[in-house]
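Peer 1: Pasting in a structure now, in structure tokens, and then I'll have a few things to ask.
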Amino acid sequence: MFFPGPAVYMEKVATGAEARDVIDVTAPPEENIRHVAKAKGVRPEEVVVTILDRPRHRDVIQACRDVGARVLLIRDGDVAGAISAALKCLGGSMQGRLFPRNEGERRRLLDDGYDLERVLATDDLVAGDDVFFAATGVTDGALLEGVKYWPDGATTYSLVMRARSGTIRMIEAEHQFEKLERFTGRTYRR
């Protein structure tokens, strides 16, 4: 498992199983898009790239658009560890490379013994095949619905995956506040 500590940026590229062997975090975005499109048997204009909407990504966003790919901008931060585990469960791939934002970060990483040129693959980020991934939506998103409240409780939507078996479960759970309050001793209603 690779973990450089808090607040360290990484360049990342990830894809599903169809294009797992053609991505390269060191390649320009347009090259990755062309390779992914070819692996999937589609045109670059049919590839959708999801990118965190930040000023530091402007050039990457423009490069993706210039090659014709559609760009889906997300406002909230990605969680590399969770993405890695999910991709491993789905047979996909992810690569990352440390990306220090300034000389202080660069020096700290080098002093801690990290190789800034090393490309980290899915197995570096999530070792082994006994991997589980679980996520519950808090707000509505592309993958999961957020928490839905009703007068006496709430409904949550979760996704659970296991790499070894390839099992994917979607769970819709109802939570009754009265029972939760008795069980936990906490108040869930105002």
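Peer 1: Rank these for me by crowding, Arg56, Arg34, going from fewest to most other beta carbons within 10 Å.
Peer 2: The most exposed by this proxy come first: Arg56, Arg34.
Peer 1: Looking at segment 87-127, which trypsin sites (Lys or Arg not before Pro) are in a loop (DSSP not H, G, I, E or B) and have at most 12 other Cβ atoms within 10 Å?
Peer 2: Arg101, Arg118
Peer 1: Let me ask something additional. When only C-alpha pairs under 8 Å and at least 6 residues apart count, what is the relative contact order of segment 132-184, in percent?
Peer 2: Computed over segment 132-184, the figure is 30 percent.
Peer 1: Continuing with the same structure: What is the distance, in nm, between label points placed 7 Å from the Cα along the Cα-to-Cβ direction at Leu144 and at Asp66?
Peer 2: 3.8
Peer 1: Is the C-alpha gyration tensor of segment 15-153 telling us rounded, prolate or oblate? Criteria: a/c under 1.5 is rounded; beyond that, a/b larger than b/c is prolate, otherwise oblate. The partial results should precede the final answer.
Peer 2: Details: a/c = 1.42, a/b = 1.15, b/c = 1.23.
Here segment 15-153 falls in the rounded category.
Peer 1: What's the FRET efficiency of Thr155 with Glu46 using the Cβ-Cβ distance as r and R₀ = 35 Å, to the nearest 0.05?
Peer 2: 0.50
Peer 1: Over the chain, how many pairs of lysines fall under 27 Å by alpha carbon, counting only those 8 or more apart in sequence or from different chains?
Peer 2: 6
Peer 1: How would you rank Thr156, Thr50, going from fewest to most other Cβ atoms within 10 Å of each one's own Cβ?
Peer 2: Least crowded to most crowded, the residues run Thr50, Thr156.
Peer 1: Also: Taking the chain as a Gaussian network, Cα atoms linked when under 10 Å apart, which of Ala134, Ala14, Ala27 shows the biggest mean-square fluctuation?
Peer 2: Among Ala134, Ala14, Ala27, the largest GNM mean-square fluctuation belongs to Ala27.
Peer 1: Answer rounded, prolate or oblate for segment 132-184, using the Cα gyration tensor with square roots of eigenvalues a ≥ b ≥ c: rounded when a/c is under 1.5, else prolate when a/b is larger than b/c, else oblate.
Peer 2: Oblate, because a/c is 1.5 or more while a/b does not exceed b/c.
Peer 1: While we're looking at this one, here's another question. Share of antiparallel DSSP beta bridges in the chain, in percent to the nearest 5?
Peer 2: 85
Peer 1: Do the sum for the chain: with -39,500 (n - 2.57) for every DSSP H run of n ≥ 4, divided by all residues, what is the mean residue ellipticity at 222 nm, to the nearest 500 deg cm²/dmol?
Peer 2: Computed mean residue ellipticity for the chain: -8000 deg cm²/dmol.
Peer 1: Between Ala17 and Arg169, what is the label-point separation in nm under the 7 Å Cα-to-beta-carbon projection?
Peer 2: Between Arg169 and Ala17, the simple spin-label model gives 2.0 nm.
Rule-based calculations on the coordinates, nothing more; no lab input. Predicted, not measured: the structure shown is a model, and the values here were computed from it. No Cβ is skipped: glycine too gets one built from the backbone with ideal geometry, and neighbour counts run over all protein chains shown.
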